[in-house]
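Take a look at the structure set out below.
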Amino acid sequence: MSYEDIKKPENIVYQRPALLNGNHMHYCPGCSHGVVHKLIAEIVEEMGLQDKTIGIAPVGCAVFAYNYVDIDWIEAAHGRAPAVATAVKRLNPDRMVFTYQGDGDLAAIGTGETIHAANRGENIAIIFINNGIYGMTGGQMSPTTLEGMKTSTSPYGRRIDLNGYPLPITNLLVGLDGTCYVTRQSVHTAAAVRKTKAAIKQAFKNAMEGRGTSVVEVVSTCNSGWKMTPVQANDWMVEHMFKKYPIGDLKNTVNPAPAAHAKGVETHPKQ
Amino acid sequence: MPKVIGAVDINIERCKGCDLCVAACPADVLLLQPKEVNDRGYHFAYTANPDKCIGCAACALVCPDACITVYRKKID
Ligand SMILES: Cc1ncc(C[n+]2csc(CCOP(=O)(O)OP(=O)(O)O)c2C)c(N)n1
Ligand code: SF4
Ligand code: SF4
Ligand code: SF4
Ligand SMILES: [Mg+2]
C-alpha cells in the first residue's frame, strides 16, 4: 500500500473542525491563540452546541475570534467579558456562554469583573490565554509578566520593587466559593493539547449544567512579543512560565479526583 | 503483524511556516520548504519523509492554523 493510497476519507483521523471556518487567521505564525480556537471549534461541534454557544470575545489579539469560529459572539469592551457573559447567561440560561480573554484583559483592566463573576458563581466558562504580555498592542508588560522578563515597557526585565510580583490570578479564583473547576493547561505538545481539550470540554459541560464558574487558564506563548521563534517560545514557556504557573487542576468540585495524587497529577501546584 | 501506516495532507496556503509541526513530529516526516513560499510568503511545511509517517496526528494537534489532515490505516 502506498502513501497516496492511505489518503482516503475513511482513514481520516484528524482534520480541521468544520466550525473553524476557512478564513485565514490574523495571528502571528505559531501563536497559541490558533490552537485554542481550534479546540473550541472541535468541542462545540462534538457537544452539538453550535446553535447554543455564545462566546464573549476580549480586546486583545483575540478580538477577531468571531471571524474564525462559526458560533455566536459578542465583542466586549476591554476586560468586561465576564460582566457581559453574566448578562447573556442570565437572560439565556439554556445557552453555553464562555469568555475568551488574555492576561491584559482578564488580569489587568478586567480584574474586578473576573473576580466578581467568579465569586457570584456565574454559570459560565472562562478561557484565559496567559501569554504574560499585551500581545496586541506591541508587547507591553502585563500583570502576569514574569520577574526579569523583558517587554517593551520593561526593557531591562520586570522588577519586583518597581512593578510588583507576577499575578497568579487563577490561584486567587480557587479560593472563591463560586468556582467549581479551576485548571491550568497548555498547548505546546500533542499531549498537552489533548488535556486542554478535555479541560475546556469539562468547563463547557459545567456551564451547561449550572455548576458555577469554570476557569481554564492556558499558559501560552506570544512569540512575537517575546521576540523568539515559535519553537523557542514553547521551550522558554516550559522552562520559565511553568515555574510560576504550574500545569494541573487547582480545583474540581464537580469531578473530584481522589486518585490524582497517586497518578502524580498536581492538584495543588506549589507556588 | 498488523502495522499502522499514516499520511498527512498539508493545506499549504493556510500554512504560516511556524515550524511547530516539524518540532512535534516524532518520526521526522516534516520539514519547512527551504526556498519555496506560498502566496503569503511563508516557507510552508511539506512531507520530506512521507513513508515514515505513523499517523499519530501530533503535527495536526499542535498546528495553530489547522492546516493538517491526518490519515491512518492498519495493514497486515
Ligand atoms: C479601555 C481600553 N484600554 C486599553 C486598550 C488597549 N489595549 C488593547 S489590547 C490590550 C491588552 C491586550 O493584552 P492581552 O489581554 O494579554 O491579550 P493578547 O493580545 O496578549 O492576547 C490593551 C491594553 C483598549 N483597547 N481599551
Ligand atoms: S502578537 Fe502575540 S498573542 Fe498576538 S497574534 Fe502575535 S504571537 Fe499571538
Ligand atoms: S501524523 Fe505523526 S508521524 Fe505523521 S507527520 Fe504528523 S506527527 Fe509526523
Ligand atoms: S504547524 Fe501548521 S502552520 Fe505551522 S508550519 Fe506546520 S502546517 Fe504550517
Ligand atoms: Mg496577553
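Identify, from the list A:220, A:224, the residue that is surrounded by 24 or more Cβ atoms within 10 Å (Cβ to Cβ) and within 13 Å of another protein chain (Cβ to nearest Cβ). Answer to the check: A:220. Within the range A:187-203, is there a residue that is assigned to a loop (DSSP other than H, G, I, E, B), within 16 Å of ligand 2 (Cβ to nearest atom) and either within 19 Å of residue A:98 (Cα to Cα) or touching a Ser or Thr at 6+ places or on another chain (Cβ under 9 Å) (or both)? Looking for residues that are assigned to a loop (DSSP other than H, G, I, E, B), within 16 Å of ligand 2 (Cβ to nearest atom) and either within 19 Å of residue A:98 (Cα to Cα) or touching a Ser or Thr at 6+ places or on another chain (Cβ under 9 Å) (or both), one finds at least one in the range A:187-203, hence yes. For residue B:28, the criteria (1) closer than 28 Å to residue A:10 by Cα; (2) charged (D, E, K, R); (3) within 13 Å of chain A (Cβ to nearest Cβ) hold in every case but one, which is (3). List pairs: first residue in the range A:1-21 and modelled with pLDDT of 95 or more, second residue among the polar types (S, T, N, Q) anywhere in the structure, Cβ distance under 7 angstrom, at least six positions apart or on different chains. If the second residue must be among the polar types (S, T, N, Q), the pairs left are A:12/B:69; A:14/B:69; A:15/B:69; A:19/A:50. A count restricted to the range B:8-25 and to residues that are facing another protein chain (nearest Cβ under 10 Å), in a loop (DSSP other than H, G, I, E, B) and more than 22 Å from residue A:221 (Cα to Cα) stands at 2. Here residue A:39 fits the description: surrounded by 23 or more Cβ atoms within 10 Å (Cβ to Cβ), within 14 Å of chain B (Cβ to nearest Cβ), at pLDDT 95 or above and in contact with a helix residue (DSSP H, G or I) (Cβ under 6 Å, 6 or more places away or on another chain). Every test in (1) within 13 Å of ligand 1 (Cβ to nearest atom); (2) surrounded by 14 or more Cβ atoms within 10 Å (Cβ to Cβ) is passed by residue A:172 save one, and that test is (1).
Summed over the range A:227-255, residues that are away from ligand 2 (no atom under 16 Å from the Cβ) and within 14 Å of chain B (Cβ to nearest Cβ) total 1. When A:237, A:208, A:228 are checked against the criterion of being closer than 30 Å to residue A:116 by Cβ and either part of a loop (DSSP other than H, G, I, E, B) or over 16 Å from the mean Cα position of the chain (by Cα) (or both), A:208 stands alone in meeting it.
With a requirement of 1 or more residues that are within 16 Å of ligand 3 (Cβ to nearest atom), the strands (runs of 3 or more DSSP E) lying completely within the range A:1-120 that satisfy it span A:12-14. Select, from B:71, B:46, the only residue that is near ligand 4 (Cβ under 10 Å from one of its atoms), buried (at least 16 other Cβ atoms within 10 Å of the Cβ) and in a strand (DSSP E or B). When all the criteria are applied, what remains is B:46. Residue check: is residue B:35 more than 8 Å from chain A (Cβ to nearest Cβ), in a strand (DSSP E or B) and not β-branched (Val, Ile, Thr)? For residue B:35, the condition - more than 8 Å from chain A (Cβ to nearest Cβ), in a strand (DSSP E or B) and not β-branched (Val, Ile, Thr) - is not met. May I ask you to verify whether residue A:139 is over 16 Å from residue A:169 (Cα atoms), in contact (Cβ under 8 Å) with a residue 60 or more places away in the chain and more than 16 Å from ligand 3 (Cβ to nearest atom)? Yes; evaluated as a whole, the condition is true for this residue. Do you know which residues across the range A:127-147 are part of a strand (DSSP E or B) and in contact with a Phe, Trp or Tyr (Cβ under 8 Å, 6 or more places away or on another chain)? Those that are part of a strand (DSSP E or B) and in contact with a Phe, Trp or Tyr (Cβ under 8 Å, 6 or more places away or on another chain): A:127, A:129, A:130, A:140, A:147. Within the range B:59-68, none of the residues are more than 10 Å from every other protein chain (Cβ to nearest Cβ), under 22 Å from residue A:32 (Cβ atoms) and either away from ligand 4 (no atom under 11 Å from the Cβ) or out of contact with any Pro (no Cβ under 9 Å at 6 or more places or on another chain) (or both).
The values are calculated or read from the model by the stated rules, or taken from the named source; none is laboratory data. This one's a predicted model, so the numbers in the text were calculated from it and none came from an experiment. All Cβ positions, even for glycine, are placed from backbone atoms using ideal geometry, and neighbour counts span all protein chains on display.
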